[in-house]
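Working notes for the structure below.
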Amino acid sequence: MGTAGARFMVMKQVAASGGLYLQEGETRLAMDPGPGAVVQYARQHVDLTRLDGILLSHRHLDHCGDVNVMIEGMTEGGFRPRGTLFCPSDALDDDPVVLRYLRHFPRCLIRLQPQTRYRLGDLCFTTTRRHVHGVETYGFLFGTSGDGDRPVLGWVTDSKYYEGIAEDHRAEVMLIHTVLARSRPELPHLGLDDAERIIAEARPRLAVITHFGTTVWRAHPQEVADQLSQRTGVEVRAARDGMSIEL
Ligand SMILES: [Zn+2]
């Protein structure tokens, strides 16, 4: 539902910022609905009243700008309470991003914990350790069977690089939030250099870079993805707005 990461890309809507949408069987999950998410869902003809859940990786605006209107959409303005909201505690506590008046609209409100397994209909996912990102942030592994198989999808959300980040998100397909062309010690975001280390170490079947900041955008995401493919020997694609992947 969008590939824009960080404020300048979002403010100017250089790319859309609606986050990700995941469907497994009859279960539908909206992830990180940033500013304009409702517009993107409408454009892609995804009926919000059929959502089963909304998941926030963290409380930064580019990940949750539309969470309140998405909750209203899922629950038909609160007239039909349904679905589950998953989010870190600091999205609910002081200076909350989830408005109080609509917190009882979803049937369930779950405060995410690190390294914990959750189920939503046909979907199951596990949170990673807390990311290095200032606010409470988690990465996610989807489709973990629990019997030693590789998870289907590893979602590397916003973080500074840390030892073990590749292992924490190792999966068949890995989606990596790559905000910076080159990582910078003072910024808690991944650069293309970090993405390369993660891909080289985790060796997924497919890696997809997304959540682009301005510097990655200017470097042309597909071109940098091709370079990453060549250097790592792993298929790397750059996400595009509206792109869908069969997992
Ligand atoms: Zn962030």
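The values are calculated or read from the model by the stated rules, or taken from the named source; none is laboratory data. Not measured: the values here are computed from a predicted model. Cβ coordinates were reconstructed from backbone atoms using ideal geometry, including for glycine residues, and neighbour counts include every protein chain displayed.
If you go through the stretch 127-169, how many residues are in a strand (DSSP E or B), of a type outside the set (Gly, Ala, Ser) and under 18 Å from residue 54 (Cβ atoms)? Qualifying residue count, the stretch 127-169: 6.
To keep it simple, each residue is scored yes or no on (1) more than 16 Å from the ligand (Cβ to nearest atom); (2) at pLDDT 95 or above; (3) charged (D, E, K, R).
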site	(1), (2), (3)
30	yes, yes, no
45	yes, yes, no
52	yes, yes, yes
58	no, yes, no
70	yes, yes, no
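Only one of the numbered conditions (1) touching a strand residue (DSSP E or B) at 6+ places or on another chain (Cβ under 6 Å); (2) among the β-branched types (Val, Ile, Thr); (3) more than 16 Å from the ligand (Cβ to nearest atom) is violated by residue 128, and that is (3). Screening the candidates 145, 159 for the property of being of a type in the set (S, T, N, Q), in the same structural domain as residue 179 (by TED's automatic domain parsing) and modelled with pLDDT under 95 yields one hit, 145.
Checking 106, 33 one by one, the residue that is in contact with a strand residue (DSSP E or B) (Cβ under 9 Å, 6 or more places away or on another chain), closer than 23 Å to residue 128 by Cα, of a type outside the set (Ser, Thr, Tyr) and not in a strand (DSSP E or B) is 33 and no other.
Of the residues making up the stretch 5-18, just one is closer than 18 Å to residue 181 by Cβ, crowded, with 23+ Cβ neighbours inside 10 Å and away from the ligand (no atom under 12 Å from the Cβ), namely 9.
Taking the stretch 167-176, which residues are in contact with a helix residue (DSSP H, G or I) (Cβ under 9 Å, 6 or more places away or on another chain) and either closer than 23 Å to residue 222 by Cβ or modelled with pLDDT under 95 (or both)? 169, 171, 174, 176 - these are the residues of the stretch 167-176 that are in contact with a helix residue (DSSP H, G or I) (Cβ under 9 Å, 6 or more places away or on another chain) and either closer than 23 Å to residue 222 by Cβ or modelled with pLDDT under 95 (or both).
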